[in-house]
Amino acid sequence: MKVLVTGGAGYIGSHAVAVLLQKGYETVIIDNMMTGHLAAVHKDSVFYEGNICDAEFIESVFEKEKVDAVIHFAASSLVGESVKDPLKYFRNNVYGMQVLLETMYKENVEKIVFSSTAATYGDTDIVPLTENLPANPESPYGDSKLIMEKMMKWCDVAYGIKFVSLRYFNVGGAHPNGNIGEDHRPETHLIPIILQTALGQREQISIFGDDYPTEDGTCIRDYVHVLDLIDAHLLALAYLNKGGQSDIFNLGSSQGFSVKEMIDAARHVTGKEIPAQIGTRRAGDPAVLIASSSKAKEVLGWNPTRTDMKEIIGDAWRWHQHRPNGYDE
Ligand code: UFG
């Protein structure tokens, strides 16, 4: 089976390609290299550099490669940036999906696995979050992903394009081989920032608020290992191949860790001091986000196995030690 992986040079996409190839799939990567890295492009994959919004380019890839299914990661994905520049999110994410679906329809490709987000739920007190809760995104980023889900829904109704949308919670960790991992510029995510502090690249980490209504006052998130996350994408492909109906699933490990707990776990894993100071709240951060992943377990047969925080942080630490400057040599 040949799978088109959009955004295959990015953090999550590169892990998807590594696992797909290992399991015997053929892969075709499309990436515009805005946030992707050439060194993250798997040598055994076909690779095209270009933009998801460029219809001529996308069509030429489909015509040449005759793919059987698509896993769609290519998107802009920063909540804060999306508030400042919503049109960037509507262009790259929403219009990118428009071009992709038009091309899939034209070329008779009828299966898509989509990278969605917990940001579709918005700020809520409900714990854990289930897929049937009303979506109420609080950022253009979350809204763009929700609109993309709706576009796929209506393309299923009209053209029979089947989709699985996977709503990620906080993705962390890296491939245990240490060769691919998280490298965002600028970095905004908690685990890499903690580990850059452990490496001495940052003097300290700022904890964004300790006055939340949680036990230690810091925000609680549900962290899922990137390889567990990718397992769910392969199960989703298998589900669609078996004739499964279009659906939406949360992906988290259903356990919450506070920012302080994450820093402590990283101190334990790395043996480093990791200086931390309390800063102000970051706008838009909900106090607690924890997934119910029961539906993915029941319907897709997903069974995340790397749920120990020491494994998630340990694998990320191996990557950061191996490539302290990320993909720069
Ligand atoms: N945090 C800090 N200090 C930092 C960085 C982060 O205290 O230097 C805190 C944040 O305030 C938050 C937690 O660590 O409470 C996790 O922050 P991340 O930025 O790593 O992740 P988010 O929970 O903000 O974002 C994730 C995904 C987004 C997605 C969002 C859904 O990365 O793509 O969940 O709400 F949109």
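Quick notes on this structure:
- Electrostatic tally near G301: other residues with Cβ closer than 14 Å to its Cβ, Lys and Arg +1, Asp and Glu -1, net -1.
- Local electrostatic count at A236 - Lys and Arg +1, Asp and Glu -1, tallied over other residues with Cβ under 15 Å: -2
- Accessible-area value, D44, 1.4 Å probe, nucleic acids and ligands omitted, Å²: 100 Å²
- Cleavage-rule hits (chymotrypsin sites (Phe, Trp or Tyr not before Pro)) in region 1-97: DSSP loop, at most 15 neighbouring Cβ within 10 angstrom: none
- By the helix-only formula, in which each DSSP H run with n ≥ 4 contributes -39500 (n - 2.57) and the sum is divided by residues, the chain has a 222 nm mean residue ellipticity of -10500 deg cm²/dmol.
- Across region 138-146, coupling constants 3J(HN,Hα) worked out from phi with the 6.51/-1.76/1.60 Karplus curve, θ = phi - 60°, read 10, 9, x, 4, x, 5, 4, 5, 5 Hz, and Gly and Pro carry x.
- Each part gets one Cα centre, and for region 134-198 versus region 284-329 those centres are 12 Å apart.
- Figure note: H42, H72, H268, H37 ranked by solvent-accessible area, largest first, 1.4 Å probe, ligands and nucleic acids not counted: H268, H42, H37, H72.
- Between the C-alpha center of region 232-263 and that of region 34-58 there is a gap of 25 Å.
- Ordered by solvent-accessible area of protein heavy atoms (1.4 Å probe), largest first, the residues K297, K242 come out as K242, K297.
- Each residue of region 260-272 was assigned a 3J(HN,Hα) from its phi angle through the Karplus curve 6.51 cos²θ - 1.76 cosθ + 1.60 (θ = phi - 60°); the sequence is 4, 5, 5, 5, 4, 4, 5, 4, 5, 5, 8, x, 9 Hz, with glycine and proline shown as x.
- Nitroxide proxy distance, nm - points 7 Å out along Cα→Cβ at Q22 and D156: 2.9 nm
- Sites I193 and N136, calculated FRET efficiency, Cβ-Cβ separation with R0 25 Å, nearest 0.05: 0.35
- Residue-level accessible surface for E65, protein heavy atoms, 1.4 Å, Å²: 20 Å²
- In order through region 194-205: 3J(HN,Hα) via Karplus (6.51 cos²θ - 1.76 cosθ + 1.60), integer Hz, x for Gly, Pro: 4, 6, 5, 5, 4, 7, x, 7, 10, 5, 7, 9
- Using a probe of 1.4 Å, the accessible surface attributed to S294 totals some 60 Å² when neighbouring protein chains are kept in position.
- Label-point gap, in nm, between Q277 and E102 - each point 7 angstrom along Cα→Cβ: 5.1 nm
- Pairs with C-alpha atoms separated by more than 32 Å, drawn from the list K64/K162; K2/K295; K43/K84, are K43/K84.
- Of D125, D31, the order by accessible heavy-atom surface (1.4 Å probe, DNA, RNA and ligands excluded), from most exposed downward, is D125, D31.
The values are calculated or read from the model by the stated rules, or taken from the named source; none is laboratory data. Bear in mind the structure is a predicted one, so any value in this text is a computation, not a measurement. Please note: Cβ atoms are built from the backbone with ideal geometry, for glycine as well, and neighbour counts cover all protein chains shown. Remember, those area values only see protein heavy atoms, side chains included, never the ligands or the DNA or RNA. Shrake-Rupley method; radii C 1.70, N 1.55, O 1.52, S 1.80 Å.
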